[in-house]
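What follows is a single structure, written as structure tokens, with notes after it.
The values are calculated or read from the model by the stated rules, or taken from the named source; none is laboratory data. From a predicted model like this one, the values you see are computed outputs, not experimental measurements. For neighbour counting, all protein chains shown are included, and Cβ atoms are generated from backbone atoms with ideal geometry for every residue, glycine included.
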């Protein structure tokens, strides 16, 4: 049995059965994963010409003789793109090469108008860096082998006409948009670690403000090389390359499936073959695409139209001095400045927008732990459900700070705050307006709360007797019943005080 057999539906079904049968054998194997990430740099113009890099414009409206490879046209390197790439190298503790060279990577594909891609091969811009991640509660360092610059290709659009005639169009607007390729070492040992690495790398790019990190728009793209080997074996297994993964979740699921697939093949006495595979989202599996190319297949050679890049120490140091606060630095600052736990700080600095949201909210409502609890609880739960980023959240820092102030002042209870938050998220209205419309102002009137206590005690005489006999756990049940009587509007502290008195016969 070989992995290449899975072109047939019968083998796909058979292989899936094998995977489900053999999953327990996975513990005997160790995955070896390396990631190659392409990130579009947020320059206004392309890497070798002056064409705009704006997203979503009319197809083929942002092209010129240079980026489409017309005879006689000559490329010129975009200095800002080089600067952005150097910043990334510094932020990931890489050595910035004083000398780097652009090369031609030759292959034919419809979205590559020149028949080659200008990239870097033997002399990349940066090497030997690392990123620290936290996975399964453990810190781990993932090495970065190299960071090099290259140009993006165009984009193909496939479809069918109403007459069911298939078509493929090509849009060259993306051709020549500057990219950095970040190649990790084969240090990743699980899909969880791969997800943590990608999230951390994207955060660094966003903090540097050199890439949006939008996977849906293709500004942050990932290919994964994965192999398995028996635990204890030093030699790597045969790897496959995974493509077509446009979210962190898809990367993790594709890796999980591919690891199981390779173990199943080996357990049946087959051999994993080196190939490129696509992640099929609908089927939830990887499928064979083509044999994997090697470097010699691309016939790299130095681009004769571009001079070597020589980067002096003065330029490097100037850029180093102006690096912004990066995720790990911000995390340490938040821990020290706001006295929040490391776990909270790790989540709150996952994106620059998240960290900014937290600090803006704390500025308005200076109780960091309360803000952190609400952000990591209700706020992130809603965003995750709707697959939104925090900068798309209808609950602004002003909304959240106002609501927390109302809880602190006793205007609304913590329980009602949950309802208010849901309404803010759905409508975008401010808390005071919602509370007024819904009549959710907290009840502070002792007489009204006393009536609710009487009803709760009359309805639950056994529990009343249990509390009076010393069964303290039942007291919380009675408090809950009083809160039900007031639809969650009663002040919890006042309910506790008045209920205690009443149970003692003092009320």
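In the range 46-61, the residue that is farthest from residue 151 (Cα to Cα) out of those that are touching a strand residue (DSSP E or B) at 6+ places or on another chain (Cβ under 7 Å) and surrounded by fewer than 18 Cβ atoms within 10 Å (Cβ to Cβ) is 59.
Select, from 269, 218, 213, the only residue that is over 24 Å from the mean Cα position of the chain (by Cα), over 17 Å from residue 30 (Cα atoms) and at pLDDT below 95. None of the others qualify; the one that does is 269. Could you tell me whether the range 80-96 includes any residue that is touching a residue at least 12 places away in the same chain (Cβ under 8 Å), more than 26 Å from residue 131 (Cα to Cα) and either over 31 Å from the mean Cα position of the chain (by Cα) or not in a helix (DSSP H, G or I) (or both)? No: zero hits.
Going residue by residue through the range 102-118, is there one that turns out to be out of contact with any helix residue (DSSP H, G or I) (no Cβ under 9 Å at 6 or more places or on another chain) and more than 30 Å from residue 50 (Cα to Cα)? Checked the range 102-118: no residue is out of contact with any helix residue (DSSP H, G or I) (no Cβ under 9 Å at 6 or more places or on another chain) and more than 30 Å from residue 50 (Cα to Cα). I'd like to know if the range 235-249 contains one or more residues that are at negative phi and part of a helix (DSSP H, G or I). Yes, because at least one residue in the range 235-249 is at negative phi and part of a helix (DSSP H, G or I).
The residues in the range 121-140 that are touching a residue at least 12 places away in the same chain (Cβ under 8 Å), in a strand (DSSP E or B) and touching a strand residue (DSSP E or B) at 6+ places or on another chain (Cβ under 8 Å) can be counted, and the count is 10. Considering the conditions (1) buried (at least 17 other Cβ atoms within 10 Å of the Cβ); (2) over 26 Å from the mean Cα position of the chain (by Cα); (3) modelled with pLDDT under 95, residue 294 is excluded by exactly one of them, (1). Residues in the range 472-501 that are surrounded by fewer than 18 Cβ atoms within 10 Å (Cβ to Cβ) and more than 48 Å from the chain's Cα centre (by Cα): 500, 501. Answer yes or no: is there a residue in the range 99-113 that is within 21 Å of residue 185 (Cβ to Cβ) and either surrounded by fewer than 21 Cβ atoms within 10 Å (Cβ to Cβ) or at pLDDT 95 or above (or both). Yes, the range 99-113 contains at least one residue that is within 21 Å of residue 185 (Cβ to Cβ) and either surrounded by fewer than 21 Cβ atoms within 10 Å (Cβ to Cβ) or at pLDDT 95 or above (or both). With respect to the stated conditions, residue 195 is surrounded by fewer than 22 Cβ atoms within 10 Å (Cβ to Cβ), out of contact with any strand residue (DSSP E or B) (no Cβ under 6 Å at 6 or more places or on another chain) and modelled with pLDDT of 95 or more.
Anything in the range 379-392 that is in contact (Cβ under 8 Å) with a residue 24 or more places away in the chain and either farther than 17 Å from residue 350 by Cβ or touching a helix residue (DSSP H, G or I) at 6+ places or on another chain (Cβ under 7 Å) (or both)? List them, or say none. 382, 389, 390, 391, listed by residue number. Restricting to the range 122-145, name every residue that is under 30 Å from residue 63 (Cβ atoms) and crowded, with 19+ Cβ neighbours inside 10 Å. Passing the criteria: 124, 125, 126. Selection over the range 414-439 of residues that are more than 26 Å from residue 390 (Cβ to Cβ), in a loop (DSSP other than H, G, I, E, B) and touching a helix residue (DSSP H, G or I) at 6+ places or on another chain (Cβ under 9 Å) gives a count of 0. Within the range 325-349, restricting attention to residues that are in contact with a helix residue (DSSP H, G or I) (Cβ under 6 Å, 6 or more places away or on another chain) and assigned to a loop (DSSP other than H, G, I, E, B), which residue is surrounded by the fewest Cβ atoms within 10 Å (Cβ to Cβ)? My answer is 326.
Among the residues making up the range 146-160, those that are buried (at least 16 other Cβ atoms within 10 Å of the Cβ) and assigned to a strand (DSSP E or B) are 146, 147, 148, 149, 150, 151. Residues in the range 396-413 that are assigned to a helix (DSSP H, G or I) and either surrounded by 15 or more Cβ atoms within 10 Å (Cβ to Cβ) or touching a helix residue (DSSP H, G or I) at 6+ places or on another chain (Cβ under 6 Å) (or both): 397, 399, 400, 401, 402, 403, 404, 405, 406, 407.
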